[in-house]
Number of protein chains: 2
Amino acid sequence: MKLLEEKILAEGIAESDSILKVDSFINHQIDPALMKQLGEEIAAHFTGKGITRVATIESSGIAPALMTAAALGVPLVILKKQPSKILNQDLYQTVVTSYTKGVSYELTVSSHFMNENDHVLIVDDFLANGEAATGAIRLIRKSHATIAGMAVLIEKTFQPGREKLTEQGIDVFALARIAKLEPGMIQFVEENICQN
Amino acid sequence: MKLLEEKILAEGIAESDSILKVDSFINHQIDPALMKQLGEEIAAHFTGKGITRVATIESSGIAPALMTAAALGVPLVILKKQPSKILNQDLYQTVVTSYTKGVSYELTVSSHFMNENDHVLIVDDFLANGEAATGAIRLIRKSHATIAGMAVLIEKTFQPGREKLTEQGIDVFALARIAKLEPGMIQFVEENICQN
């Protein structure tokens, strides 16, 4: 059993067949020591891949992304949800529509912090429908940077996020993979792990 | 010259007599190694004060607050800007009005993550008019927790934030104190520093 899976079993709350509350250590309250370990685990998976920057969408991905960037020794770029007030040629923008939440927002990044020389690792807390993730990928590609992969703390494998990303050639890495949720029950994807 | 002041002189941009852009290492792009050092500096100032939790307002304070919480070895609680959809007796709420931005928002915290046994250090990126900070203080006091202090990366001393907080008995600690801004010019508060 992996570190994050143990924590989810101990403190996560399955509220329905789609909602997992991890408020006590990821979303509302953050356990910094755990987050540092998770960032190091993500960094270890992507080490040697030539990553120049980590990117995340504000704001729930900031903590794991910061710890990953710290472990990789590269800057973190926060893709901003606010629209630019002034049309600015230094700014890339894309519209992200969340069908689950019924809202649209503009995602922006400055060309000063992302360009054709970058190889970018995207980090977020959850991967579910992949709406935010595909928006981030579109935005990063607008800046002419390449994408090293997408790392998330928790993947809901019963939603189509991973499929959308792998179809685009994105390497998806999740620290905890949820197979099924029911009120009071959390089931992980079983994986064969070979250890020495 | 302190670490953060050197970075501000090297990369900060004074856009007007009130706006300092620090997009390249604090707000849009984050330098994780620098942020870790700044978090450790804040933690060192408040060490031994019995802090049980660090709090910040989403989202620009998350990075320095996370690094401070990591250095202090305590959890980080993110005070959420979203209103609660369901009236919930487990949730404390307060309305914060930003006169500078012309907006109001609800700040919320769950009683699960802040209570009468807590002694809380608030961490944010900027202290200017102190509107968000006084909202955070009000909210934390609603939870019956006590406040150990307010730490910020950058203080604009020509705006009334510090005065508002010290009037309420709050210990304010700033890593860089800006005395004056003009387009192209950044002046820090001169302090007598005794070093061995």
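The values are calculated or read from the model by the stated rules, or taken from the named source; none is laboratory data. Treat the numbers as computed from the prediction; the structure is a model and nothing was measured. All Cβ positions, glycine included, derive from the backbone under ideal geometry; neighbour counts span all protein chains shown. Quick note on the areas: whole protein, heavy atoms, side chains included, nothing else; ligands and nucleic acids left out. Shrake-Rupley method; radii C 1.70, N 1.55, O 1.52, S 1.80 Å.
Worth a mention:
- Cα-derived Rg to Rh of the stretch B:1-143, Kirkwood definition: 0.98
- Comment: the Cα-to-Cβ extended label point of A:His144, at 7 Å, lies 6.0 nm from its counterparts in the other copies, nearest first.
- Highest-MSF residue in chain A out of A:Ile137, A:Ile78, A:Ile170 [GNM, Cα springs under 10 Å]: A:Ile170
- Copies compared at B:Leu9 - label distances in nm, ascending, label defined 7 Å from Cα in the Cβ direction: 5.5
- Accessible surface of chain B, 1.4 Å probe, proportion on carbon and sulfur as whole %: 48 percent
- Selected from B:Thr68, B:Thr56, B:Thr166 as most flexible by GNM, with chain B as the system and alpha-carbon contacts under 10 Å: B:Thr166
- Spin-label pair A:Lys101/B:Gln93, simplified geometry with 7 Å Cα→Cβ offset, distance in nm: 1.8 nm
- Here chain A carries DSSP beta bridges of which approximately 40% are antiparallel, counting only pairs with both residues inside.
- Equivalent ellipsoid, the protein assembly as shown (semi-axes from 5 times Cα gyration tensor eigenvalues, Å): 33, 26, 20
- Closest Cβ on chain B to the rotation axis that carries it onto A (distance rounded to whole Å): B:Ser59, 2
- Of B:Val74, B:Val123, B:Val103, the one that fluctuates the most in a GNM where chain B has Cα springs shorter than 10 Å: B:Val103
- Calculated [222 nm] ellipticity per residue, helices only, for chain B: -8500 deg cm²/dmol; basis is -39500 (n - 2.57) per DSSP H run with n ≥ 4, divided by all residues, nearest 500.
- Helix B:32-46 vs. chain B, principal-axis angle (Cα, 0 to 90°, nearest 10): 70 degrees
- Label-point distances for A:Val189 to the equivalent site in the other copies, using a point 7 angstrom along Cα→C-beta, read 5.3 nm when ranked shortest first.
- The base-10 log of I(q)/I(0) for the stretch B:60-142, evaluated at q = 0.11 Å⁻¹, reads -0.30 [Debye formula, identical scatterers on Cα atoms, solvent excluded].
- For the pair the stretch A:120-186 / the stretch A:18-57, the C-alpha centres are spaced 13 Å from each other.
- Positive-end ranking of B:Thr94, B:Thr134, B:His144 along the dipole of the stretch B:60-196, with charges on Cβ about the Cα centre, is headed by B:Thr94.
- Computed E for A:Asn115/A:Glu191 - FRET, C-beta separation, R0 25 angstrom, nearest 0.05: 0.10
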